[in-house]
Amino acid sequence: MKKNEIRKQVLAKRNALSAAERKSLSSSIIARVLALDAYHRAGCVMAYVGFGSEIETMDFIADVLARGKILVLPRVAPGSDALGIHVVSEPARQLEAGVWGIRQPRRDLCPEAPPSQVEFVLVPGVAFTRRCERLGYGRGYYDRFIRSRATKPPALVAAALELQVVPRLPMSETDQRVDVVVTESGEYWRSDS
């Protein structure tokens, strides 16, 4: 199957969940992410604000801040292919609607952070495999960000619904894998063997 066909099928399944189902599943998934050793060790955590039918990430964001970790969130400028990251300390006050309506840091309130500071990344995506392959939304923002950190990679963790895990994904040279895919059913760890 082609990438766009997989996106369409997985997004249809994800969109079919009720808000109550998504909230319940999100809570279960986030609890598993919060239990990871890599999260506990990280001083600087990159997250994202879920939108549409993505899992809800605000509980994760709240935990990052409650533990005194540095929280960075991505920002995409219109027409840009780069993912900027900014330090956020008060999400209720410091976020605005950005590209595609996704809430992102306000440039005037949130200083830019060096990517080298990030030790843990909560990675969004449309579909994943048990081998930790990832299919994003098609713009390559996270693939480029992950590639830029190849010499000192942070922990790359995808929080996803089990229905987003598919048997196979068409992968290209530019597609980047994550270290673990965490779902409501368990974790799938990357193995390079």
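At a glance:
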item	result
Selected residue (only one of SER28, SER80 is modelled with pLDDT under 95, surrounded by fewer than 20 Cβ atoms within 10 Å (Cβ to Cβ) and among the hydroxyl-bearing types (Ser, Thr, Tyr))	SER80
Filtered residues of the stretch 143-170 (kept if in contact (Cβ under 8 Å) with a residue 40 or more places away in the chain, farther than 25 Å from GLN117 by Cα and of a type in the set (Val, Ile, Thr))	VAL166
Whichever residue in the stretch 100-110 is of a type in the set (D, E, K, R) and assigned to a loop (DSSP other than H, G, I, E, B) and, among such residues, is surrounded by the most Cβ atoms within 10 Å (Cβ to Cβ)	ARG106
Top-ranked residue in the stretch 63-76 [being out of contact with any Cys (no Cβ under 9 Å at 6 or more places or on another chain) and touching a residue at least 12 places away in the same chain (Cβ under 8 Å); ranked as surrounded by the fewest Cβ atoms within 10 Å (Cβ to Cβ)]	LEU65
Residue match in the stretch 76-90 (condition: under 30 Å from SER185 (Cα atoms) and within 17 Å of the chain's Cα centre (by Cα))	no
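The values are calculated or read from the model by the stated rules, or taken from the named source; none is laboratory data. Predicted model only: the values in this text are computed from it and were never measured. In this analysis, Cβ positions are derived from the backbone assuming ideal geometry, glycine residues included, and neighbour counts consider all displayed protein chains.
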